[in-house]
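Enquirer: My questions all concern the structure below.
The values are calculated or read from the model by the stated rules, or taken from the named source; none is laboratory data. Quick caveat: nothing in here was measured; it's all calculated off a predicted structure. Counting neighbours? That spans all protein chains shown, and the Cβs are built from the backbone with ideal geometry, glycine included. The accessibility values were calculated without ligands, DNA or RNA, using every heavy atom of the protein model including side chains. Shrake-Rupley method; radii C 1.70, N 1.55, O 1.52, S 1.80 Å.
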Amino acid sequence: MASRESALVEITPEVLLKAYACGIFPMAESADDPALYWIEPERRGIIPLDRFHVPGRLARTVRSGHFTVMVDRDFDAVIDGCSEPMPGRTRTWINIRIRNLYRKLYDRGDCHTVEVYRDGELVGGLYGVSLGRAFFGESMFHRARDASKVALVHLVARLKVGHYRLLDTQFVTEHLRTFGALEVTRPAYHKLLDAALVGEGDFGALAVDRPVTGAAILSLIQAR
(Lines give C-alpha, C1' and ligand atoms only; values in the text may rest on other atoms or scores of the structure.)
Protein backbone atom coordinates (compact mmCIF):
# COMPACT_ATOMS: atom_id res chain seq x y z
CA MET A 1 0.00 0.00 0.00
CA ALA A 2 1.31 3.46 -0.91
CA SER A 3 -0.05 6.98 -0.59
CA ARG A 4 1.36 10.06 -2.29
CA GLU A 5 2.56 12.99 -0.20
CA SER A 6 2.41 16.40 -1.84
CA ALA A 7 5.74 17.90 -2.74
CA LEU A 8 4.62 21.05 -0.94
CA VAL A 9 3.93 19.40 2.43
CA GLU A 10 6.85 19.61 4.83
CA ILE A 11 7.85 16.38 6.53
CA THR A 12 9.85 16.97 9.68
CA PRO A 13 12.14 14.46 11.38
CA GLU A 14 9.52 14.14 14.12
CA VAL A 15 6.82 13.25 11.60
CA LEU A 16 9.17 10.76 9.94
CA LEU A 17 9.88 8.97 13.23
CA LYS A 18 6.16 8.80 14.02
CA ALA A 19 5.61 7.22 10.62
CA TYR A 20 8.24 4.56 11.36
CA ALA A 21 6.56 3.87 14.69
CA CYS A 22 3.34 3.22 12.75
CA GLY A 23 5.05 0.86 10.30
CA ILE A 24 5.24 3.35 7.41
CA PHE A 25 8.28 4.63 5.52
CA PRO A 26 8.78 7.09 2.65
CA MET A 27 10.16 6.56 -0.85
CA ALA A 28 10.34 8.67 -3.98
CA GLU A 29 9.56 7.54 -7.50
CA SER A 30 12.93 8.82 -8.70
CA ALA A 31 15.63 11.35 -7.85
CA ASP A 32 13.87 13.88 -10.08
CA ASP A 33 10.42 13.49 -8.50
CA PRO A 34 9.97 15.90 -5.56
CA ALA A 35 7.00 13.96 -4.18
CA LEU A 36 7.29 11.27 -1.52
CA TYR A 37 5.17 8.16 -1.19
CA TRP A 38 4.30 6.62 2.15
CA ILE A 39 4.77 2.85 1.90
CA GLU A 40 3.23 0.16 4.09
CA PRO A 41 3.81 -3.24 2.46
CA GLU A 42 1.32 -6.07 2.86
CA ARG A 43 4.29 -8.31 3.63
CA ARG A 44 7.34 -6.87 5.38
CA GLY A 45 10.95 -7.99 5.20
CA ILE A 46 12.83 -8.64 8.44
CA ILE A 47 16.01 -10.42 9.51
CA PRO A 48 15.52 -12.24 12.82
CA LEU A 49 18.61 -11.27 14.77
CA ASP A 50 18.78 -14.57 16.63
CA ARG A 51 18.79 -16.50 13.33
CA PHE A 52 21.18 -14.36 11.32
CA HIS A 53 23.31 -16.57 9.11
CA VAL A 54 26.80 -15.70 7.84
CA PRO A 55 27.78 -17.88 4.84
CA GLY A 56 31.14 -19.55 5.24
CA ARG A 57 32.94 -17.74 2.43
CA LEU A 58 31.72 -14.36 3.72
CA ALA A 59 32.80 -15.24 7.26
CA ARG A 60 36.32 -15.79 5.95
CA THR A 61 36.21 -12.38 4.26
CA VAL A 62 34.96 -10.70 7.44
CA ARG A 63 37.66 -12.38 9.51
CA SER A 64 40.46 -11.62 7.03
CA GLY A 65 40.67 -7.91 7.83
CA HIS A 66 40.55 -7.11 4.12
CA PHE A 67 38.15 -4.27 4.97
CA THR A 68 38.06 -1.69 7.75
CA VAL A 69 34.59 -0.96 9.08
CA MET A 70 33.57 2.23 10.86
CA VAL A 71 30.25 3.80 11.82
CA ASP A 72 28.79 7.30 11.64
CA ARG A 73 31.76 8.98 9.99
CA ASP A 74 30.46 10.16 6.62
CA PHE A 75 26.70 10.10 6.09
CA ASP A 76 26.86 12.13 2.89
CA ALA A 77 29.31 9.75 1.23
CA VAL A 78 27.18 6.76 2.19
CA ILE A 79 23.95 8.19 0.82
CA ASP A 80 25.87 9.20 -2.32
CA GLY A 81 26.92 5.58 -2.69
CA CYS A 82 23.38 4.34 -2.12
CA SER A 83 22.19 6.70 -4.88
CA GLU A 84 24.58 5.32 -7.52
CA PRO A 85 23.26 3.21 -10.41
CA MET A 86 24.04 -0.47 -9.94
CA PRO A 87 23.33 -3.67 -11.87
CA GLY A 88 19.58 -4.16 -11.64
CA ARG A 89 19.08 -0.61 -10.36
CA THR A 90 19.50 2.05 -13.02
CA ARG A 91 17.52 4.72 -11.19
CA THR A 92 17.61 5.80 -7.56
CA TRP A 93 14.61 6.52 -5.38
CA ILE A 94 16.69 8.84 -3.20
CA ASN A 95 15.67 12.41 -4.06
CA ILE A 96 16.76 15.66 -2.42
CA ARG A 97 13.95 15.50 0.16
CA ILE A 98 15.02 12.02 1.22
CA ARG A 99 18.63 13.20 1.50
CA ASN A 100 17.69 16.22 3.60
CA LEU A 101 15.31 14.32 5.87
CA TYR A 102 17.74 11.54 6.71
CA ARG A 103 20.60 13.98 7.10
CA LYS A 104 18.53 15.72 9.78
CA LEU A 105 17.87 12.39 11.46
CA TYR A 106 21.60 11.63 11.30
CA ASP A 107 22.44 14.97 12.91
CA ARG A 108 19.98 14.13 15.72
CA GLY A 109 21.52 10.70 16.26
CA ASP A 110 18.45 8.82 14.97
CA CYS A 111 20.04 7.66 11.70
CA HIS A 112 23.28 5.70 11.49
CA THR A 113 25.77 4.52 8.89
CA VAL A 114 28.01 1.50 8.66
CA GLU A 115 30.95 2.27 6.37
CA VAL A 116 33.35 -0.18 4.75
CA TYR A 117 36.79 1.03 3.69
CA ARG A 118 39.62 -0.56 1.73
CA ASP A 119 42.97 1.21 1.76
CA GLY A 120 41.23 4.32 3.11
CA GLU A 121 38.63 4.43 0.33
CA LEU A 122 34.91 4.00 1.00
CA VAL A 123 33.85 0.90 -0.97
CA GLY A 124 30.53 0.01 0.63
CA GLY A 125 28.09 0.68 3.40
CA LEU A 126 24.54 1.14 4.53
CA TYR A 127 22.35 3.54 6.46
CA GLY A 128 19.18 3.18 8.50
CA VAL A 129 17.01 4.58 11.26
CA SER A 130 17.15 3.63 14.93
CA LEU A 131 13.97 3.94 16.98
CA GLY A 132 13.49 2.26 20.32
CA ARG A 133 14.96 -1.21 19.89
CA ALA A 134 14.18 -1.37 16.19
CA PHE A 135 16.55 -0.63 13.32
CA PHE A 136 15.08 0.15 9.92
CA GLY A 137 17.55 -0.55 7.13
CA GLU A 138 17.12 1.95 4.33
CA SER A 139 19.72 1.25 1.64
CA MET A 140 23.14 -0.25 1.04
CA PHE A 141 25.76 -0.13 -1.69
CA HIS A 142 29.05 -1.68 -2.72
CA ARG A 143 31.91 -0.75 -5.00
CA ALA A 144 33.95 -3.81 -4.10
CA ARG A 145 32.87 -7.42 -3.85
CA ASP A 146 31.23 -8.31 -0.52
CA ALA A 147 31.55 -4.78 0.89
CA SER A 148 27.81 -4.30 1.53
CA LYS A 149 27.56 -7.82 2.97
CA VAL A 150 30.39 -7.06 5.38
CA ALA A 151 28.54 -3.89 6.41
CA LEU A 152 25.43 -5.95 7.16
CA VAL A 153 27.39 -8.45 9.27
CA HIS A 154 28.87 -5.62 11.32
CA LEU A 155 25.44 -4.02 11.67
CA VAL A 156 23.88 -7.19 13.04
CA ALA A 157 26.65 -7.66 15.61
CA ARG A 158 26.17 -4.06 16.73
CA LEU A 159 22.40 -4.50 17.01
CA LYS A 160 22.79 -7.68 19.04
CA VAL A 161 25.23 -6.09 21.47
CA GLY A 162 22.97 -3.02 21.70
CA HIS A 163 19.93 -5.17 22.66
CA TYR A 164 17.86 -4.41 19.58
CA ARG A 165 14.90 -6.67 18.89
CA LEU A 166 13.99 -5.92 15.27
CA LEU A 167 15.93 -5.47 12.03
CA ASP A 168 13.50 -4.25 9.37
CA THR A 169 14.68 -4.66 5.76
CA GLN A 170 11.40 -3.35 4.26
CA PHE A 171 11.48 -5.90 1.45
CA VAL A 172 13.22 -9.25 0.95
CA THR A 173 15.64 -9.96 -1.87
CA GLU A 174 17.41 -13.21 -2.74
CA HIS A 175 20.59 -11.54 -1.50
CA LEU A 176 19.02 -10.96 1.93
CA ARG A 177 17.51 -14.44 2.09
CA THR A 178 21.02 -15.88 2.29
CA PHE A 179 21.32 -14.17 5.69
CA GLY A 180 17.99 -15.49 6.98
CA ALA A 181 15.68 -12.67 5.87
CA LEU A 182 12.01 -13.55 5.65
CA GLU A 183 8.64 -11.94 5.01
CA VAL A 184 5.97 -11.51 7.65
CA THR A 185 2.38 -10.34 7.30
CA ARG A 186 1.48 -6.79 8.19
CA PRO A 187 -0.28 -7.81 11.47
CA ALA A 188 2.69 -9.97 12.47
CA TYR A 189 5.07 -7.13 11.68
CA HIS A 190 3.11 -4.68 13.83
CA LYS A 191 3.35 -7.07 16.79
CA LEU A 192 7.11 -7.26 16.36
CA LEU A 193 7.34 -3.49 15.93
CA ASP A 194 5.24 -2.71 19.00
CA ALA A 195 7.46 -4.95 21.12
CA ALA A 196 10.63 -3.38 19.69
CA LEU A 197 9.48 0.15 20.46
CA VAL A 198 9.58 -0.63 24.18
CA GLY A 199 12.95 0.38 25.61
CA GLU A 200 15.96 1.83 23.83
CA GLY A 201 18.63 0.11 21.78
CA ASP A 202 22.23 1.27 22.11
CA PHE A 203 23.84 1.61 18.68
CA GLY A 204 27.03 2.75 20.38
CA ALA A 205 27.36 -0.31 22.61
CA LEU A 206 30.28 -1.29 20.39
CA ALA A 207 33.05 1.22 19.79
CA VAL A 208 32.15 4.02 17.39
CA ASP A 209 35.52 5.79 17.35
CA ARG A 210 37.64 2.86 16.17
CA PRO A 211 37.15 -0.27 14.05
CA VAL A 212 36.10 -3.58 15.58
CA THR A 213 37.90 -6.60 14.13
CA GLY A 214 36.02 -9.04 11.97
CA ALA A 215 36.95 -11.91 14.28
CA ALA A 216 35.38 -10.06 17.21
CA ILE A 217 32.28 -9.30 15.16
CA LEU A 218 31.76 -12.96 14.24
CA SER A 219 32.28 -14.04 17.85
CA LEU A 220 29.63 -11.57 19.00
CA ILE A 221 27.14 -12.84 16.44
CA GLN A 222 27.71 -16.46 17.42
CA ALA A 223 27.63 -15.79 21.17
CA ARG A 224 24.26 -14.04 21.29
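Enquirer: How high is the relative contact order of region 128-175, in percent, with contacts defined as C-alpha pairs under 8 Å that are six or more residues apart?
Expert: Normalised by residue count, the contact order of region 128-175 is 47 percent.
Enquirer: Still on this structure: By the gyration tensor of its Cα atoms, with a ≥ b ≥ c the square roots of the eigenvalues, what is the shape of region 26-81: rounded for a/c under 1.5, prolate for a/b over b/c, or oblate?
Expert: Oblate shape, in that a/c is at least 1.5 and b/c is the bigger or equal ratio.
Enquirer: Using the crude model of +1 on Lys and Arg Cβ and -1 on Asp and Glu Cβ, and no other charge, please compute the dipole size for region 17-171 relative to its Cα centre, in debye to 20.
Expert: Value, rounded to 20: 620 debye.
Enquirer: OK, next. Taking 0.36 nm per residue of sequence separation and subtracting the Cα-Cα distance, how much length would be gained by fully extending the chain between Thr213 and Ile96, in nm to one decimal?
Expert: Difference between extended and current length: 38.6 nm.
Enquirer: Cut-off 16 Å, label point 7 angstrom out along Cα-to-Cβ of Asp202: give me the residues of region 143-179 whose amide nitrogen falls inside.
Expert: 157-165
Enquirer: A follow-up question, please. May I ask for the angle, rounded to the nearest 10°, between helix 214-223 and the longest principal axis of the chain, with both axes built from Cα atoms and the value confined to 0 to 90°?
Expert: Orientation of helix 214-223: about 80 degrees from the principal axis.
Enquirer: Just to confirm, what accessible area per residue do you get for the chain at 1.4 Å probe, in whole Å²?
Expert: 47 Å²
Enquirer: So for the pair Ala223, Ile39, with labels modelled 7 Å out along Cα→Cβ, what separation do we get in nm?
Expert: Distance between label points: 3.6 nm.
Enquirer: Report the residue, chosen from Gly132, Gly120, Gly180, that carries the largest GNM mean-square fluctuation when the chain is represented by alpha-carbon nodes joined by springs under 10 Å.
Expert: Maximum among the listed residues: Gly120.
Enquirer: Given springs between every Cα pair under 10 Å in a Gaussian network model of the chain, which of Asp209, Asp72, Asp110 has the largest fluctuation?
Expert: It is Asp209.
Enquirer: Ok, one more. Say we join alpha carbon atoms closer than 10 Å with springs in a Gaussian network model of the chain; which of His175, His163, His53 then has the biggest fluctuation?
Expert: Per the Cα network of the chain with a 10 Å cutoff, His175 tops the list.
Enquirer: Then there's this: Say the dipole of the chain comes from +1 at the beta carbon of Lys and Arg and -1 at that of Asp and Glu; which of Gly120, Phe52, Leu36 then lies farthest toward its positive end?
Expert: It is Phe52.
Enquirer: Say each of Met27 and Ser64 gets a label point 7 Å from the Cα, pointing the same way as Cα to Cβ; how far apart are those two points in nm?
Expert: Going from the Met27 label point to the Ser64 one covers 3.3 nm.
Enquirer: On the accessible surface of region 71-163, probed at 1.4 Å, how many percent belong to carbon and sulfur atoms?
Expert: Taking all protein chains in place, region 71-163 shows 45 percent carbon and sulfur surface.
Enquirer: Taking a spot 7 Å from the Cα of Arg143 along the direction of its beta carbon, which residues of region 102-116 have an amide N less than 18 Å from it?
Expert: Hits in region 102-116 for Arg143 at 18 Å: 113-116.
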